[in-house]
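Just so it is clear, none of the values below were taken in a lab; they were calculated from the coordinates. Here the structure is a predicted model, which means the values were calculated and not measured. Note that each Cβ is placed from the backbone with ideal geometry, even for glycine, and that neighbours are counted across all protein chains shown.
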Amino acid sequence: MATIITPGEVPKYVPGAVTAASDDLGWNGVWLRGYRYAALDVVVPPVRDFTIVSYCRGTTFMERQCEGAWTQTHCAPGDVSLLTRSQRSHWHWTEEIDVSHVYLSENLVSGICAEITGRCLADVRLHDVLKSYDPIVTAGVAAIAREAQ
């Protein structure tokens with residue numbers, strides 16, 4: 001079984017300049033990190049938390065492999081990637097980008113799932129999405145990033 005990493009360990013596998021962080025703010029169940037990344041080809045071990053990646057600056061061709069299949073798209077500001085927890089992934093992009101990562105703990109997502117659907121998280125399958133355009137999610141990530149700054 002692969003080692004599951006914390007959000008704080010992600011830079012060991014995906015090196016980039018930190019542009020924002022909520023590390024010392026005492027938040028419970030939510031953690032933000034902003035990064036400036038050069039073009040990279042990286043394998044990321046399973047991450048403990050659910051992750052929203054919001055693309056803030058730069059446009060790039062993006063490829064990702066998880067669960068065997070590669071997906072490809074172009075990502076630009078306003079796009080988001082939604083990542084389930086505890087799943088290994090391989091990423092490749094070709095241009096410099098700025099992104100914000102919002103990490104959501106299993107306990108937080110489980111509580112929201114129970115409140116909204118009346119079901120436990122184990123009964124709900126969260127699908128990874130390499131690219132989605134959702135202005136509400138993008139605005140939420142931007143608000144969390146502003147709060148962290």
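I need to check one value: relative contact order of segment 7-148, counting alpha carbon pairs closer than 8 Å and at least 6 residues apart, in percent. Numbers along the way, then the final one.
On the way: 313 pairs, mean separation 42.1, N = 142.
Across segment 7-148, relative contact order equals 30 percent.
When peptides 126-133, 84-91 are ranked by their average number of other Cβ atoms within 10 Å per residue, the highest-first order is 84-91, 126-133. Per residue of the chain, the DSSP helices (runs of n ≥ 4 H) give a summed -39500 (n - 2.57) that works out to -6000 deg cm²/dmol at 222 nm.
Can you put 61, 50 in order, fewest other beta carbons within 10 Å first? Walk me through the intermediate numbers first.
Values: 61 13, 50 19.
The most exposed by this proxy come first: 61, 50.
Distant-in-sequence amide contacts of residue 49, defined by a placed amide H-H separation under 5 Å and a gap of 5 or more residues or a different chain, comprise 86. Label separation (residue 95 vs residue 73): 1.6 nm, computed from points 7 Å beyond Cα along the C-beta direction.
Note on residue 134 and residue 27: the extension gain reaches 36.1 nm, defined as 0.36 nm multiplied by sequence separation minus the Cα-Cα distance.
Counted by neighbouring Cβ atoms within 10 Å, the residues 134, 79 run from fewest to most as 134, 79.
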